[in-house]
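A.B. asks: Have a look at this one.
The values are calculated or read from the model by the stated rules, or taken from the named source; none is laboratory data. What you see is a predicted model, and the numbers here were worked out from it, not measured in a lab. Reconstructed Cβ throughout: ideal geometry from the backbone, glycine too, with neighbour counts over all protein chains shown.
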Amino acid sequence: MDACDVLIVGAGPAGSSCAWKLRDSGLRVVVLDRQTFPRDKVCGGWITPPVVEELEIDLQEYSRVHVLQSIHGFRTSRMGSREVETDYGRPISYGIRRCEFDDFLLKRCRARIHQGVPLARLEPSGDRWIVNGQFNARLVIGAGGHFCPVARLRGANARHEVSVAAQEIEFEMSETQREQCSIRPEIPELYFCTDMKGYGWCFRKKNFLNIGLGRLDPHALPNHLAAFGAFLKKTRKVAFDLPAKMAGHSYLLYGRAKRNVAGDGVLLIGDAAGLAYSQSGEGIRPAIESGLLAAKAILAASGANSPALSETYRSLLAQRFGKVQEEWAFNIGRQLPTRLVSSLARILLANPWFSRRVILDRWFLHSDEPALVC
């Protein structure tokens, strides 16, 4: 049996970041993933400067062989209403393709990597865990996303949780398609649904285009997707038919997840823990930061499976992401009649100050939060 100190299930940004932070610790780290990298991962896909700092990424080096799109601002609106363009005049984010970014993070983490290996069994054995009857691990990190098998084997039931459902597509545009797309690479566009229960986006990364829409009520997603597609064609933002069907995925929002993120030598990180920002649904930065915090807790406990490990990790998450507080704008759709919500959204989203200071700075960029120091 292969013995290790830390076994990470899931090789996405959360798992790879955790392994990378533990690279010089002397701990034996193993990463499992049921897929083989690079793998397709549809995602709006942008990282902010704090993420670049936290992961010590050399952007010039990264851009030599990967897509890296500087983002200087956004166009925002209630779908079909007045659009507001906010240009910061400097890079505030960087667009990446998840198939490339995740592979880059995994390759540099310096852990032992087992790809194409799903988690089938997780069994306690004293103060250790037996994984798939093959690995004997002191600690197990669940980093497998919304449907993480570690979370599931520990009692989570994703189908009974309140989650955001999204569908999106990313593809490389032909020359003809590029001529029929008015989206500017440095200015992605965000379109909120009239009831404020979701939003759509158009994001151009060099010659790649990402289009998608996410909502809190999955049953309404198809109708809103159809309306979104019609809106993009009518406005000539994307004047051609999409080359394939959109892919669907789900994720939990911070403050709405009820998962046990730590206990008995098992930690959940990223989407497995339900850490996506509640206003925007963005999950890359919370995933990466939770992976780094898990590593910090593990190092503080000297790699031991102890109650102190769980307490430290929970405390670090609370310090970073704060206490769960309901945002008035996030729940406004449940409190007021739809017609009133639509009118308020039209007024607020057409206001340049609100679009910049609340929607972008606070909800999407979290610009008041400096890079994590671990």
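A.B. asks: Only one residue in Lys41, Lys21, Lys107 is of a type outside the set (Gly, Ala, Ser), over 17 Å from the mean Cα position of the chain (by Cα) and buried (at least 21 other Cβ atoms within 10 Å of the Cβ), so which one is that? Full working, then the answer.
C.D. replies: Working: Lys41 fails: over 17 Å from the mean Cα position of the chain (by Cα); Lys107 fails: buried (at least 21 other Cβ atoms within 10 Å of the Cβ).
One residue alone meets the criteria, Lys21.
A.B. asks: Here's something else I'd like to know. I want to confirm something. Restricting to segment 44-80 and keeping residues that are surrounded by 20 or more Cβ atoms within 10 Å (Cβ to Cβ) and among the hydroxyl-bearing types (Ser, Thr, Tyr), which single residue is farthest from the chain's Cα centre (by Cα)?
C.D. replies: Ser77
A.B. asks: Mind checking which residues of segment 138-148 are surrounded by fewer than 24 Cβ atoms within 10 Å (Cβ to Cβ) and touching a helix residue (DSSP H, G or I) at 6+ places or on another chain (Cβ under 9 Å)?
C.D. replies: Our first condition is that a residue be surrounded by fewer than 24 Cβ atoms within 10 Å (Cβ to Cβ); within segment 138-148, this holds for 138, 145-147.
Listed by number, the residues that qualify are Gly145, His146, Phe147.
A.B. asks: So Ala247 clears everything in (1) under 23 Å from Ser174 (Cβ atoms); (2) among the small types (Gly, Ala, Ser); (3) without any contact (Cβ under 8 Å) to a residue 60 or more places away in the chain except one condition, right? Which one?
C.D. replies: Here Ala247 meets the rest and fails (3).
A.B. asks: Then there is this: So in segment 149-194, with the set limited to residues that are among the hydroxyl-bearing types (Ser, Thr, Tyr) and farther than 25 Å from Pro13 by Cβ, which one is surrounded by the fewest Cβ atoms within 10 Å (Cβ to Cβ)?
C.D. replies: Within segment 149-194, the subset among the hydroxyl-bearing types (Ser, Thr, Tyr) is 163, 174, 176, 182, 191, 194.
Still in the list and also farther than 25 Å from Pro13 by Cβ: 174, 176, 182, 191, 194.
Working: Ser174: 12, Thr176: 9, Ser182: 14, Tyr191: 24, Thr194: 19.
The residue in question is Thr176.
A.B. asks: Look through Leu267, Leu213, Leu242, Leu209 and report the one residue that is part of a strand (DSSP E or B), over 30 Å from Ile347 (Cα atoms) and either in contact with a helix residue (DSSP H, G or I) (Cβ under 7 Å, 6 or more places away or on another chain) or in contact (Cβ under 8 Å) with a residue 12 or more places away in the chain (or both). Step through it out loud before you land on a result.
C.D. replies: Values: Leu213 fails: over 30 Å from Ile347 (Cα atoms); Leu242 fails: part of a strand (DSSP E or B); Leu209 fails: over 30 Å from Ile347 (Cα atoms).
From the options Leu267, Leu213, Leu242, Leu209, the qualifying one is Leu267.
A.B. asks: If you don't mind, another one. Which of the residues belonging to segment 302-344 are aliphatic (A, V, I, L, M), more than 27 Å from Ser77 (Cβ to Cβ), surrounded by fewer than 19 Cβ atoms within 10 Å (Cβ to Cβ) and at pLDDT 65 or above? Write out each step before concluding.
C.D. replies: Residues of segment 302-344 that are aliphatic (A, V, I, L, M), as a first pass: 304, 308-309, 316-318, 324, 329, 332, 336, 340-341, 344.
In the following step, the residues that additionally are more than 27 Å from Ser77 (Cβ to Cβ) were identified as 304, 308-309, 316-318, 324.
Of the ones still in play, those that are also surrounded by fewer than 19 Cβ atoms within 10 Å (Cβ to Cβ) are 304, 308, 318, 324.
Ala304, Ala308, Ala318 - these are the residues of segment 302-344 that are aliphatic (A, V, I, L, M), more than 27 Å from Ser77 (Cβ to Cβ), surrounded by fewer than 19 Cβ atoms within 10 Å (Cβ to Cβ) and at pLDDT 65 or above.
Per-residue answers, yes or no, for (1) within 30 Å of Tyr62 (Cβ to Cβ); (2) crowded, with 19+ Cβ neighbours inside 10 Å; (3) under 20 Å from the mean Cα position of the chain (by Cα):
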| residue | (1), (2), (3) |
| --- | --- |
| Ile96 | yes, yes, yes |
| Arg112 | yes, no, no |
| Gln115 | yes, no, no |
| Pro118 | yes, no, no |
| Arg121 | no, no, no |
| Asp127 | no, no, no |
| Asn132 | no, no, no |
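A.B. asks: Would you pick out the residues in segment 223-255 that are among the charged types (D, E, K, R) and surrounded by 15 or more Cβ atoms within 10 Å (Cβ to Cβ)?
C.D. replies: Lys237
A.B. asks: I would also like to ask the following. Quick check on my filter: what residues within segment 138-173 are charged (D, E, K, R), farther than 16 Å from Pro218 by Cβ and in contact (Cβ under 8 Å) with a residue 60 or more places away in the chain? First the steps, then the outcome.
C.D. replies: Kept after step one, since they are charged (D, E, K, R), are these residues of segment 138-173: 138, 152, 154, 159, 161, 168, 170, 172.
If we keep only those that are farther than 16 Å from Pro218 by Cβ too, we end up with 138, 152, 154, 170, 172.
Scanning segment 138-173 gives Arg138, Arg154, Glu170.
A.B. asks: To continue, here is another question. Among the residues of segment 175-187, is any in contact with a helix residue (DSSP H, G or I) (Cβ under 6 Å, 6 or more places away or on another chain) and either within 19 Å of Thr235 (Cα to Cα) or part of a loop (DSSP other than H, G, I, E, B) (or both)?
C.D. replies: Initially, segment 175-187 is screened for residues in contact with a helix residue (DSSP H, G or I) (Cβ under 6 Å, 6 or more places away or on another chain), giving none.
For segment 175-187, residues in contact with a helix residue (DSSP H, G or I) (Cβ under 6 Å, 6 or more places away or on another chain) and either within 19 Å of Thr235 (Cα to Cα) or part of a loop (DSSP other than H, G, I, E, B) (or both): absent.
A.B. asks: State which residue is farthest from the chain's Cα centre (by Cα) when the search covers only segment 245-264 and only residues that are of a type in the set (Gly, Ala, Ser) and not in a loop (DSSP other than H, G, I, E, B).
C.D. replies: As a first pass, look at segment 245-264 and keep what is of a type in the set (Gly, Ala, Ser): 247-248, 250, 255, 257, 262-263.
Subset that is not in a loop (DSSP other than H, G, I, E, B): 247-248, 250, 262-263.
Working: Ala247: 16, Gly248: 14, Ser250: 11, Ala262: 20, Gly263: 24 Å.
Ranking the candidates gives Gly263 first.
Yes or no, residue by residue, for (1) of a type in the set (Ser, Thr, Tyr); (2) touching a strand residue (DSSP E or B) at 6+ places or on another chain (Cβ under 6 Å); (3) over 29 Å from Ser125 (Cα atoms):
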| position | (1), (2), (3) |
| --- | --- |
| Phe203 | no, yes, yes |
| Leu209 | no, no, yes |
| Pro218 | no, yes, yes |
| Ala226 | no, no, yes |
| Lys258 | no, no, no |
| Val261 | no, yes, no |
| Ser280 | yes, no, yes |
| Ala304 | no, no, no |
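A.B. asks: Evaluate segment 82-92: report whether one residue or more is within 30 Å of Leu349 (Cβ to Cβ), within 18 Å of the chain's Cα centre (by Cα) and not assigned by TED's automatic domain parsing to the domain that holds Pro286.
C.D. replies: Applying the first criterion (within 30 Å of Leu349 (Cβ to Cβ)) to segment 82-92 yields 82-92.
Imposing the further condition that a residue be within 18 Å of the chain's Cα centre (by Cα) reduces the set to 92.
Still in the list and also not assigned by TED's automatic domain parsing to the domain that holds Pro286: 92.
Looking through segment 82-92, at least one residue is within 30 Å of Leu349 (Cβ to Cβ), within 18 Å of the chain's Cα centre (by Cα) and not assigned by TED's automatic domain parsing to the domain that holds Pro286.
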